[in-house]
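Asker: Before we start, here is the structure in question, set down as structure tokens.
The values are calculated or read from the model by the stated rules, or taken from the named source; none is laboratory data. Everything numeric in this text was worked out from a predicted model, so none of it was measured. Reconstructed Cβ throughout: ideal geometry from the backbone, glycine too, with neighbour counts over all protein chains shown.
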Number of protein chains: 2
Amino acid sequence: MLAIDQRDSLRNGMATAAGTTADRISDEALIKAKRAIVKTLAPYASAVLIDPVYGYPQCVTDLPPRVGLLLSQEETGYVAGGASEKERRTRLLENWSVEQAQRLGADAVKLLLYYRPDGSVEMRRQQEKLVADVGHACVQAEMPFLLELVAYPLTEGGADSLAYAQKKPALVIRSAEEFSKPVYGVDILKLEFPADLKWTAEYAGGAFDGKPRQSAYRATEVETFCRQLNQAAGIPWVILSAGVNIEEFLVQVDMATAAGASGFLCGRAIWKDAIPLYPDLVKMETWLRTQGGHNFARAKAHAGLALPWPQHRAFAGDSQP
Amino acid sequence: MLAIDQRDSLRNGMATAAGTTADRISDEALIKAKRAIVKTLAPYASAVLIDPVYGYPQCVTDLPPRVGLLLSQEETGYVAGGASEKERRTRLLENWSVEQAQRLGADAVKLLLYYRPDGSVEMRRQQEKLVADVGHACVQAEMPFLLELVAYPLTEGGADSLAYAQKKPALVIRSAEEFSKPVYGVDILKLEFPADLKWTAEYAGGAFDGKPRQSAYRATEVETFCRQLNQAAGIPWVILSAGVNIEEFLVQVDMATAAGASGFLCGRAIWKDAIPLYPDLVKMETWLRTQGGHNFARAKAHAGLALPWPQHRAFAGDSQP
């Protein structure tokens, strides 16, 4: 599945490319970039995740008929909060609901939730309630519910740090376990890769970005984290790319699907290198049609042995992969 | 393209798997293993390279109609020779010729040549004459000629050594340059990857086999070697896998095709992990159908932007990729 529901992160990337600030990138420009991505890459996808703010009205006509439509429910970004003021609270889009998404033809809705399973009780309760509310609305509407879980550093000193790399497996695994509880009504989890390959001994020479790092674990341990994540996820799960390079994402897809993931829902790993070409839309489209399509084709090939979701143990009576 | 013309190396692998010696692996067993590989993987290939000793008679009926047939011309292995007794001389198969390959329906013939461009004059002359002879026969028969070039360590202390990794780019590039000369009549070069990724800084942490090594060069230098190889090869070229793991081969395919390679002709990187399952042919076939097919699909996806051979500068009047 292809994600193009990015809002602030896409606008920031376009601003950098154009040598200006995000507030100078118009909504029209953002829409044009999204449309170029959907037009060129949606034919590779089984479903496309679009935001209802900038993406839906302009892009839905570019979706091939057989490609499913996923619509986002959350407002872009987060509100800082909690005792530390470093915790993140997710907000729903205003004037928008599961029912509206359904009326617009969504095949599923998606909610991105920032979550630290070791965060403050107050923040966890708020975030968990938000999921339960959306889950309830989805059950009422008989709408499939895809929940995206994203952890973030609190005291670890940045997302690209040894401490955060060490913490990541537990964060991803414990969060998946929490939101697999039937009370939340989630149908599919969209999960982070449960480790940082850049901080993995075998790749720490800079395999993905040329920057050498220390070793937080070995590749065999990462394979174990993936299997633990698959055990923790009581429902089908797919992995997200979180903007890593395509080379790193392909290894993540290999390891995640080998452990039981049902595929990927990915945006930036596939199309992000088109953004620095902005504002040259012709160059962007050429890149998307060639290298972007190549990235998607490789990711799909790497997911070739992914677990078909009807074979997930959540639906099977007995035998398991 | 798929290679299954291995003879001694396949027999040795089967012997190890069965806990016996190579002389205890019968020709029939070797043929059964080859047939399992062709049956399961040929449908993924544009052409299959088979040896005429064990492979052809048994496997040709398993080739799907649209899949091309390549037949080997050389005897397995080599004769040690030269002043150092460490040089390698290639021998042609006895009672076998380009004309016979043609009568059996070959779409092309393949010759594996051991070659050190810095070897003794005597050995180079012998090896070069062999290629010219086969090339002459191919021109006479209007038979496409695929030449596989394989270098080997002389004084560098083993194939998996820093010294040999450092020497490899020059060996591969200079050999490709030599046999691109029209006098040899070669149509396609099957080349080694022009560096050892395991000895490349970014991957030297053990990315492909878990074993840490020193750094012979950086990934950007390897990309330069690939471009230099593409310049040296005056005719279309594909890369071979030399038995590296599939993960390493996928990176090689990425880098080689980005530099101008027209694809791959690969055997072991795709199917070698089936061999330890011998003598359980059912398990071997199951592995080949699932993981083997997955490996082939990934390799093909990685070669998705390979240069179509008719677009090679050898055939084009002007503009080049």
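Asker: For the range A:65-87: of the residues being farther than 24 Å from A:A36 by Cβ and of a type in the set (G, A, S), which is modelled with the lowest pLDDT?
Answerer: A:A83
Asker: Looking at A:L288, A:L265, A:L281, can you tell me which residue is in contact (Cβ under 8 Å) with a residue 60 or more places away in the chain, more than 13 Å from every other protein chain (Cβ to nearest Cβ) and under 17 Å from the mean Cα position of the chain (by Cα)?
Answerer: Numbers: A:L288 fails: under 17 Å from the mean Cα position of the chain (by Cα); A:L281 fails: under 17 Å from the mean Cα position of the chain (by Cα).
Matching residue, one of A:L288, A:L265, A:L281: A:L265.
Asker: Out of the residues in the range A:194-212 that are aliphatic (A, V, I, L, M) and more than 20 Å from the chain's Cα centre (by Cα), state the one that is surrounded by the most Cβ atoms within 10 Å (Cβ to Cβ). First the steps, then the outcome.
Answerer: Of the range A:194-212, the ones aliphatic (A, V, I, L, M) are A:195, A:197, A:201, A:204, A:207.
So of that shortlist, the ones also more than 20 Å from the chain's Cα centre (by Cα) come out as A:201, A:204, A:207.
Details: A:A201: 21, A:A204: 26, A:A207: 28.
Looking at the filtered set, the residue picked out is A:A207.
Asker: If A:N245 meets every condition in (1) surrounded by 18 or more Cβ atoms within 10 Å (Cβ to Cβ); (2) in contact with a helix residue (DSSP H, G or I) (Cβ under 8 Å, 6 or more places away or on another chain) apart from one, which number is that one?
Answerer: Going through (1) surrounded by 18 or more Cβ atoms within 10 Å (Cβ to Cβ); (2) in contact with a helix residue (DSSP H, G or I) (Cβ under 8 Å, 6 or more places away or on another chain) one by one, A:N245 breaks only (1).
Asker: So, in the range B:158-180, of the ones that are outside any helix (DSSP H, G or I) and among the hydroxyl-bearing types (S, T, Y), which residue ends up nearest to B:G135 (Cα to Cα)? If you could, list the steps in order and put the result at the bottom.
Answerer: First, the residues of the range B:158-180 that are outside any helix (DSSP H, G or I): B:158-161, B:180.
Pick out the ones that are also among the hydroxyl-bearing types (S, T, Y) and you get B:161, B:180.
Working: B:S161: 34, B:S180: 12 Å.
Checking each candidate, the answer is B:S180.
Asker: Got at least one residue in the range A:36-59 being of a type in the set (S, T, Y), out of contact with any Gly (no Cβ under 7 Å at 6 or more places or on another chain), at pLDDT below 95 and surrounded by fewer than 19 Cβ atoms within 10 Å (Cβ to Cβ)? Show your work before the answer.
Answerer: Just the residues of the range A:36-59 that are of a type in the set (S, T, Y), to begin with: A:40, A:44, A:46, A:54, A:56.
In the following step, the residues that additionally are out of contact with any Gly (no Cβ under 7 Å at 6 or more places or on another chain) were identified as A:54, A:56.
Of the ones still in play, those that are also at pLDDT below 95 are A:54, A:56.
With the extra rule that they be surrounded by fewer than 19 Cβ atoms within 10 Å (Cβ to Cβ), the set shrinks to none.
No, there is no match, as no residue in the range A:36-59 is of a type in the set (S, T, Y), out of contact with any Gly (no Cβ under 7 Å at 6 or more places or on another chain), at pLDDT below 95 and surrounded by fewer than 19 Cβ atoms within 10 Å (Cβ to Cβ).
Asker: Can you go through B:D107, B:D62 and tell me which one is surrounded by fewer than 20 Cβ atoms within 10 Å (Cβ to Cβ) and at pLDDT below 95? Before you say what the answer is, go through the steps one by one.
Answerer: Numbers: B:D107 fails: at pLDDT below 95.
Only one candidate qualifies: B:D62.
Asker: Within 14 Å of chain B (Cβ to nearest Cβ) and in contact with a helix residue (DSSP H, G or I) (Cβ under 6 Å, 6 or more places away or on another chain): is that true of A:A207 in this structure?
Answerer: On the way: within 14 Å of chain B (Cβ to nearest Cβ): yes; in contact with a helix residue (DSSP H, G or I) (Cβ under 6 Å, 6 or more places away or on another chain): yes.
In short, yes.
Asker: Please verify whether the range A:158-174 includes one or more residues that are of a type in the set (S, T, N, Q) and under 20 Å from A:V244 (Cβ atoms).
Answerer: Within the range A:158-174, one or more residues are of a type in the set (S, T, N, Q) and under 20 Å from A:V244 (Cβ atoms).
Asker: Looking only at residues in the range A:291-303 that are farther than 16 Å from B:A258 by Cα and part of a helix (DSSP H, G or I), which one is nearest to the other protein chains (Cβ to nearest Cβ)?
Answerer: Of the residues in the range A:291-303, the ones farther than 16 Å from B:A258 by Cα are A:296, A:299-303.
Those left that are additionally part of a helix (DSSP H, G or I): A:296, A:299-302.
Working: A:F296: 9, A:A299: 8, A:K300: 7, A:A301: 3, A:H302: 6 Å.
Looking at residues that are farther than 16 Å from B:A258 by Cα and part of a helix (DSSP H, G or I), I get A:A301.
Asker: Taking the range B:1-20, which residues are part of a loop (DSSP other than H, G, I, E, B) and closer than 30 Å to B:H302 by Cβ?
Answerer: Of the range B:1-20, the ones part of a loop (DSSP other than H, G, I, E, B) are B:1, B:4-7, B:19-20.
The answer is B:M1, B:I4, B:D5, B:Q6, B:R7.
Asker: Just give me the residues in the range A:21-74 being under 19 Å from the mean Cα position of the chain (by Cα), small (G, A, S) and not in a helix (DSSP H, G or I), in sequence order.
Answerer: Result: A:A45, A:S46, A:A47, A:G55, A:G68, A:S72.
Asker: What are the residues in the range B:85-128 that are in a loop (DSSP other than H, G, I, E, B), touching a residue at least 60 places away in the same chain (Cβ under 8 Å) and over 27 Å from B:Y56 (Cα atoms), if any?
Answerer: Of the residues in the range B:85-128, the ones in a loop (DSSP other than H, G, I, E, B) are B:85-86, B:90-91, B:93-97, B:104-107, B:115-120.
Next, only the ones that are touching a residue at least 60 places away in the same chain (Cβ under 8 Å) stay: B:86, B:107, B:115, B:117.
Passing the criteria: B:K86, B:P117.
Asker: Can you give me the number of residues within the range A:220-233 that are crowded, with 18+ Cβ neighbours inside 10 Å and either touching a Gly at 6+ places or on another chain (Cβ under 6 Å) or of a type outside the set (F, W, Y) (or both)?
Answerer: At the first step, the residues of the range A:220-233 found to be crowded, with 18+ Cβ neighbours inside 10 Å are A:222, A:225-226, A:228-230, A:232-233.
Narrowing the set further to residues that are either touching a Gly at 6+ places or on another chain (Cβ under 6 Å) or of a type outside the set (F, W, Y) (or both) leaves A:222, A:226, A:228-230, A:232-233.
Adding up the residues that qualify gives 7.
Asker: Can you name the residue in the range B:125-182 that is under 20 Å from the mean Cα position of the chain (by Cα) and among the polar types (S, T, N, Q) and is also surrounded by the fewest Cβ atoms within 10 Å (Cβ to Cβ) among such residues?
Answerer: Per the stated criteria, the residue is B:S180.
Asker: Of the numbered conditions (1) within 14 Å of chain A (Cβ to nearest Cβ); (2) assigned to a helix (DSSP H, G or I), B:A306 satisfies every one except a single condition; which is it?
Answerer: So the condition that B:A306 fails would be (2).
Asker: When the residues of the range B:218-240 are narrowed to those that are in a helix (DSSP H, G or I) and among the hydrophobic types (A, V, I, L, M, F, W, C), which ends up nearest to the other protein chains (Cβ to nearest Cβ)?
Answerer: First, pick out the residues of the range B:218-240 that are in a helix (DSSP H, G or I): B:219-232.
Filter once more, keeping what is among the hydrophobic types (A, V, I, L, M, F, W, C): B:219, B:222, B:225-226, B:229, B:232.
Details: B:A219: 7, B:V222: 12, B:F225: 17, B:C226: 15, B:L229: 21, B:A232: 25 Å.
Top of the filtered list is B:A219.
Asker: Which of (1) within 11 Å of another protein chain (Cβ to nearest Cβ); (2) touching a residue at least 40 places away in the same chain (Cβ under 8 Å); (3) of a type in the set (S, T, N, Q) does A:S215 not meet, given it meets every other one?
Answerer: (2)
Asker: Which one is nearest to the other protein chains (Cβ to nearest Cβ) among residues in the range A:184-204 that are within 19 Å of A:S241 (Cβ to Cβ) and aliphatic (A, V, I, L, M)? Let's see the steps before the verdict.
Answerer: Within the range A:184-204, the first condition is being within 19 Å of A:S241 (Cβ to Cβ), and the residues that meet it are A:188-200, A:203.
Applying the additional criterion that residues be aliphatic (A, V, I, L, M) yields A:188-189, A:191, A:195, A:197.
Working: A:I188: 23, A:L189: 24, A:L191: 22, A:A195: 15, A:L197: 10 Å.
Checking each candidate, the answer is A:L197.
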